[in-house]
């Protein structure tokens, strides 16, 4: 398998001619337009429908959630953010993945380039959201790689939108030039001005016998 090519790339025809099958991958989202200042500047760069969406569905909640960035979590806090990650991982059907072990997050906690962006309801102590972010200063990029959220019904979507928006604002305030917003939820990311990139993979089987056998069961 060769994966994460942009759709329509120059190698596509060559790989197909070599017997590879094309598989559609989840879309990726990148935010890289920072030629603006403040929230009004951010709004003005959006399209007409996205501006309405932002004013109605994002801006009213900006003061509802508090954000904190940490380079390291204490043991109890790390357990808490890992629990939030698992709550999202169990319900994320858009990506066929597997749960990461806690040891990975312990390694993040020891590494200076990983940051924990924490979210709480204003005036509350309980964590309700976390972005696990990687700072690549050589590439001037900030990447929220994984996410964790509390299982909240009415406030889940407003919180998620704030997490995306405040990640972009953090990157802007700290001089980053690119935010890699990851996979899935392309609709919400596009409304915040991210560029959506279609991805595809190329798969070639060394032995088609099992594939042909499986087709007989349809």
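A short reminder: the numbers here are calculations on the coordinates, not readings from a lab. This structure is a prediction, so every number in the text was calculated from the model and none was measured. Cβ atoms come from the backbone with ideal geometry, glycine included; neighbour counts cover every protein chain shown.
Within the range 21-36, track down each residue that is farther than 13 Å from residue 168 by Cβ and out of contact with any helix residue (DSSP H, G or I) (no Cβ under 9 Å at 6 or more places or on another chain).
21, 23, 24, 25, listed by residue number.
Being in contact with a strand residue (DSSP E or B) (Cβ under 7 Å, 6 or more places away or on another chain), farther than 25 Å from residue 119 by Cβ and loosely packed, with under 14 Cβ neighbours inside 10 Å is true for just one of 4, 17. Which residue is that?
Every option except 4 fails the conditions.
Test of understanding: among 105, 98, 116, 34, which residue is surrounded by 14 or more Cβ atoms within 10 Å (Cβ to Cβ) and free of Cβ contacts under 8 Å to residues at least 40 places away in the same chain?
Within the list 105, 98, 116, 34, the selection yields 105.
Among the residues of the range 50-84, how many are touching a residue at least 60 places away in the same chain (Cβ under 8 Å), part of a helix (DSSP H, G or I) and within 25 Å of residue 195 (Cα to Cα)?
Adding up the residues that qualify gives 6.
Taking residue 130 as the residue in question, decide whether it is in contact (Cβ under 8 Å) with a residue 60 or more places away in the chain, within 19 Å of the chain's Cα centre (by Cα), surrounded by 12 or more Cβ atoms within 10 Å (Cβ to Cβ) and closer than 16 Å to residue 168 by Cα.
no
Looking at the range 149-161, is at least one residue under 15 Å from residue 182 (Cβ atoms) and free of Cβ contacts under 8 Å to residues at least 24 places away in the same chain?
Within the range 149-161, not a single residue is under 15 Å from residue 182 (Cβ atoms) and free of Cβ contacts under 8 Å to residues at least 24 places away in the same chain.
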